[in-house]
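The values are calculated or read from the model by the stated rules, or taken from the named source; none is laboratory data. Since the model is a prediction, treat every value here as computed from it, not as a measurement. Cβ atoms come from the backbone with ideal geometry, glycine included; neighbour counts cover every protein chain shown. What goes into the accessible areas is simple: the full protein's heavy atoms, side chains included, and nothing from ligands, DNA or RNA. Shrake-Rupley method; radii C 1.70, N 1.55, O 1.52, S 1.80 Å.
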Amino acid sequence: SNKTKESSSPLDIFESLKDIPIKSIQLKESVLDINGHEVFVKKIKLKNKKQSLRLEGNIGRINLSKTIKKDKKIDEINLDIQLNRRKLKINKLVAKSKLIFLELKGNVENYVSKNFEMNLSYKGEFPLKEIHEWLEFRNIGQLYSGQVEVKGKLKGNKDDFLSSNDLQASVFKTDLVYDQTATANVTVSKKAIFFNKLKIKHKEQSLELLR
């Protein structure tokens, strides 16, 4: 009936897991097309936990150009995630791309809804000049070299989120300073970016800015 079709959802699969006799499905050395993205699967295992699904494995060669409108690729992702009708639990997700590294853990409630809620923690490392790809401040100065380590938490949804980050930059060079190290606490929301604390050090000299 029309009523049945309107009320059906892909999430209904979770109500049927206990009746499916298959315990696990495994893919090796395969290429998948996901929403127009070609993904190379080195090894993926999908486990039927009766009330949830668990996905573990390793995938690579992911082109993000259609998603973020930038020529960016992910070389490799190692993942261990679990999902049920309501929650996506990320036990571990590690993404690597050249000099960029990101490890992610946490939960996403209502993950297939526009009203999803995130509670994530992460840590990573990336070249300082990569910031130019996401933030426009070349009129202030160019970032040339240096590596940034970040550790942070992200909570909220797409319309109201808050990200708190501790950053450490090592031996970096910009138009303004060079051969410096720096630490900072940066809070990011949809409305603004706040530098709550910033400390720059060069040899025996240091400069500290408090919010």
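Below 9 angstrom from the Cβ of Leu11, what's the summed charge of the other residues (Lys, Arg +1; Asp, Glu -1)?
0
Against the criterion of solvent-accessible heavy-atom surface with a 1.4 angstrom probe, Arg61, Arg86 sort, most first, into Arg61, Arg86. Can you pull a Stokes-Einstein diffusion coefficient for the range 52-123 at 20 °C (1.002 mPa s), Rh from Kirkwood over Cα pairs, as a whole number of µm²/s? Translational diffusion coefficient: 162 µm²/s. With a cut-off of 16 Å on the backbone N, the residues of the range 25-58 near the modelled label site 7 Å out from Lys18 along Cα-Cβ are 48-53. If you plug the beta carbon distance of Ser9 and Ser121 into 1/(1 + (r/R0)^6) with R0 = 30 Å, you get a FRET efficiency near 0.50.
The slack in the chain from Ile193 to Asp166, taken as 0.36 nm per residue of separation less the alpha-carbon distance, amounts to 8.4 nm.
Longer than 20 Å from Cα to Cα, which of Lys96/Lys158; Lys23/Lys92; Lys155/Lys191; Lys45/Lys98 are they? Say none if no pair is. From the list (Lys96/Lys158; Lys23/Lys92; Lys155/Lys191; Lys45/Lys98), the Cα-Cα distance tops 20 Å for Lys96/Lys158; Lys23/Lys92; Lys45/Lys98.
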